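> Please see the structure below; I have some questions.
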Amino acid sequence: MPLARSLSVTSLTGLEDWDDDLDLENSILFEVAWEVANKVGGIYTVIQTKAKVTTDEWGENYFLIGPYFENNVRTQVELIEPTHPAIKRALDSMNAKGCKVYFGRWLIEGSPYVILIDIAATAWNLDRWKTELWDSCDIGIPWYDREANDAVLFGFLTAWFLGEFSAQCEEKPFIIAHFHEWLAGVGLCLCRIRKLPVATIFTTHATLLGRYLCAGNVDFYNNLQSFNVDKEAGDRQIYHRYCMERAAVQCSHVFTTVSQITAIEAEHLLKRKPDIVTPNGLNVKKFSAMHEFQNLHAQSKGRIQEFIRGHFYGHLDFNLDKTLFFFIAGRYEFSNKGADVFLEALARLNYLLRVNHSETTIVAFFIMPARTNNFNVETLKGQAVRKQLCDTANTIKEKFGKKLYESLLVGNLPDMNKMLDKEDFTMLKRAIFATQRHSFPPICTHNMLDDSTDAILNTIRRIGLFNSSSDRVKVIFHPEFLSSTSPLLPMDYEEFVRGCHLGVFPSYYEPWGYTPAECTVMGIPSVSTNLSGFGCFMEEHIADPTAYGIYIQDRRFRSVDESCTQLTSFLYSFSQQTRRQRIIQRNRTERLSDLLDWKYLGRYYTYARHMALAKAFPDNFTYEPHEPTAAQGFRYPRPASVPPSPSLSRHSSPHHSETEDDERYDEEEEAEKDRQNIKQPSITSMASAPEWRRRSKKGSIDATNSSNASNASTPTNPSSPSDLSSPTSSLIEERN
């Protein structure tokens, strides 16, 4: 099935501009999610990073609703008295009836207001509410599914609050409630059943059934039309969850999802075509000069190299200056996240590097949390040996420097034979003996509880990547999230990513993909697939993604073996780049961060809210659908200068040269050429782009807003391509 272009995936200014069509003073936005101030997965990142943009737009009229967990509140939330009179009355009313609802500020960028509901305090209502859910929606929840029971409690309490708030408002505002994922979906269904005056939006970030099906190694995307969804959900014992998700989708005024590939999935599995795609963004912080982020890469890479020196002590027979760091990170879903394909490609890459006598060494990190009981003793020993060697070297260096200084003071050249005494040589010999190791460096940094059945370790045993001296590809499995307080690898995730050279995410099931997006924002090239939302988004916006450091692997129309071959080609081509080419590519990758900024992508959420208001309050808001002929916005052309991957972009590549300065490269000049050559793609919208109009109090349509359609062809600041920030430095001399 072809992937049709959608309104949201096409261009950042493809939506029309609205000036006065929404009276924010008389509108209230509630955003409901289980991951408000409660980190579970990627939705937490979406809500946390989007809060600043939404707060800037809505101000005091924006509230987040989530569950109350005391441990999270202690570190993330400042509890305060409600600032909105109607919200205070609603909370007082609920608390007087036995509920425990808290109000505060979430201590993140933007400091949004949060309303946190303690579901445990009203758990005694569970059976009654489950009966009501069955009577009203024909959805039965089994007693043993604790997560589904929590969703019922959270949903009923959310609907209770929204109804109470609406009743307590003296002047009835326009209420918008945006629900994320099936855990919040019950509240949406109840809002519609109870006919509350609320415009509802439901966003699915990944369908439940899709995640389960892909984990079962089925040809998912090429068989979407043939699945018996009820049977598949029942076979996996998630039918009640599936019904909760599907009911929320069908009941919502506006249904959105995060990518075009997930929109197709939702249409077949949830039986409704999304009204709009709302891509996920990040808060992008630009550096004043290009060399600043390159310096951060060099600093973080140095810290990773220190870890490598300890981990491979006794077998450090490769040149760290010619070593590249690849990594994969995320939930431990071996097939869905593409760890199986990555390992197979690494085995093939190892063969290619060996037969071609390459001097490049690859160290591949797997950052995927699994069940462990502690650090591996051999791994900790390696870091202790490294520290001991460093201390010994510093001690002798200090003594050497003192003797050299004293010799120079008296005007004599130092006698090198007397600079080190027997004690110094003894210390050096003991340090050398301490580095002797009779086993290979460990693959896993921790003691695994399920070592014999672990998918990654079993695959490594099969392909034979044991970190031997003859291997040009080394593997390190770190089954725990990174932390700056770790005694092993004391780096947080962002710092670690900055120090790597390439992120590899060959996912089979990835509705969006925050990991490659984070790489892009930090100027680190990455591998994604045409089955991930991020990959499809970048293919839509960039004429030659590879030249910008975005390698798109085909996992839809190729077999697994062909996909492995393609990924191996990407990795080998990247490993053959010169230092200069890698620096150029990182500069280009970092320039793409504008595409992923919430300042641009947040407008799709604005569009969804307008659509929901028009459907929920037709007497006050209306829209007239029409088919756009073209959309303005970002579409990066092929770079005007040298592409960094000669084997993949032969049509515009220079002749390969080992010299670093054979051609002049000006980053600012190239960025300016890109801005001049940005194209405007033609689109066919997934949902018709509406012509927005706001009805006046008398019911007539405001003429001021109807002119927006005629102005849609003119890009507005700061979204126009001419306002893209320009990197301002040429190549820097950094060891890569």
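> Given the C-alpha atoms of region 363-471, compute the convex hull and give its volume per residue in Å³.
Spelled out: Cα convex hull of region 363-471, divided by residues, is 154 Å³.
> Which links in K301/K474; K231/K337; K399/K429; K271/K615; K381/K418; K39/K97 stretch past 27 Å when you go from one Cα to the other?
K381/K418; K39/K97
> Rounded to whole Hz and in sequence order, give me ³J(HN,Hα) for region 600-616 from the Karplus expression 6.51 cos²θ - 1.76 cosθ + 1.60, θ = phi - 60°, writing x for Gly and Pro.
Per-residue couplings from phi come out as 9, 6, x, 5, 6, 5, 4, 4, 4, 5, 4, 5, 5, 4, 5, 7, 7 Hz.
> Also, quick follow-up: Take the Cβ-Cβ distance between N447 and S226 as r, set R0 to 51 Å, and report the resulting FRET efficiency rounded to the nearest 0.05.
For R0 = 51 Å, the calculated efficiency reads 0.70.
> With point charges of +1 on the Cβ of Lys and Arg and -1 on the Cβ of Asp and Glu, referenced to the Cα centre of region 423-463, which listed residue (A431, L449, I463) lies farthest in the positive direction of the dipole?
Highest projection toward the positive end goes to I463.
> Something else: How big is region 426-554 by the Kirkwood estimate over distinct Cα pairs, in Å?
When all Cα pairs of region 426-554 are included, the Kirkwood radius is 17.6 Å.
> Another question, then. Hey, could you pull the Cα Rg and Dmax for region 198-242, both in Å?
In order Rg, Dmax, the Cα atoms of region 198-242 give 12.3, 41 Å.
> When 1/r is averaged over all different Cα pairs and the result inverted, which Kirkwood radius in Å belongs to region 96-248?
About 17.2 Å for region 96-248.
> Using a simple spin-label model with points 7 Å from Cα along the Cα→Cβ vector, what separation in nm is obtained for F466 and T395?
So the label points at F466 and T395 sit 3.6 nm apart.
> Something else now. How fast does region 551-596 diffuse by Stokes-Einstein, in µm²/s, taking the Kirkwood radius from C-alpha pairs at 10 °C and 1.306 mPa s?
Rounded to a whole number, D works out at 129 µm²/s.
> Going by Cα centres, region 589-624 and region 520-536 are how many Å apart?
Centre-to-centre distance over Cα atoms comes out at 23 Å.
> Would you pull out the residues with amide H under 5 Å of V77's amide H, same chain only if 5 or more places away, H placed 1.01 Å from N?
Excluding prolines and chain starts, which carry no amide H, the hits are L107.
> Calculate, in nm to one decimal, what A543 and S484 gain on full extension: separation in residues at 0.36 nm each, minus their alpha carbon distance.
Contour length minus the Cα-Cα distance gives 17.4 nm.
> Moving to a separate point now. Step by step: find N for region 318-401, compute 2.2 N^0.38 Å, then divide the Cα radius of gyration by it. What's the final number?
1.53
> Between E494 and K97, what is the spin-label point distance in nm, taking each point 7 Å from the Cα along the Cα→C-beta axis?
Going from the E494 label point to the K97 one covers 4.2 nm.
> Sort the following peptides by mean Cβ neighbour count (other Cβ atoms within 10 Å, averaged over residues), highest first: 180-193, 566-579, 118-131.
In descending order of packing, they fall as 180-193, 566-579, 118-131.
> Also, quick follow-up: May I have the pair-distance distribution P(r) for region 51-111, computed from all Cα-Cα distances with 10 Å bins from 0 and rounded to whole percent?
20, 50, 28, 2
> A further question on this structure: Rank by packing, highest mean first: peptides 223-229, 55-61, with packing defined as the count of other Cβ atoms within 10 Å averaged across residues.
55-61, 223-229
> Could I ask something else about it? Each residue of region 396-401 in turn: what ³J(HN,Hα) in whole Hz from Karplus with 6.51, -1.76, 1.60 and θ = phi - 60°, glycine and Pro shown as x?
Once rounded to whole Hz, the list reads 5, 4, 5, 5, 4, x.
> Provide the FRET efficiency to the nearest 0.05 for the K195-K285 pair, computing r from the beta carbons and using R0 = 30 Å.
Efficiency at R0 = 30 Å is approximately 0.10.
> Relative contact order, percent, of region 162-312 when contacts are C-alpha pairs under 8 Å separated by at least 6 residues?
Worked out over region 162-312, it gives 22 percent.
> Still on this structure, I have one more. Cβ neighbours within 10 Å, averaged per peptide: list 497-505, 210-218, 76-84 in order, most packed at the top.
For the peptides 497-505, 210-218, 76-84, the packing ranking is 497-505, 210-218, 76-84.
Coordinate-derived values only; no laboratory data. All values reported here derive from a predicted model rather than from experimental measurement. Glycine gets a Cβ as well: all are built from the backbone with ideal geometry, and neighbour counts include every protein chain shown.
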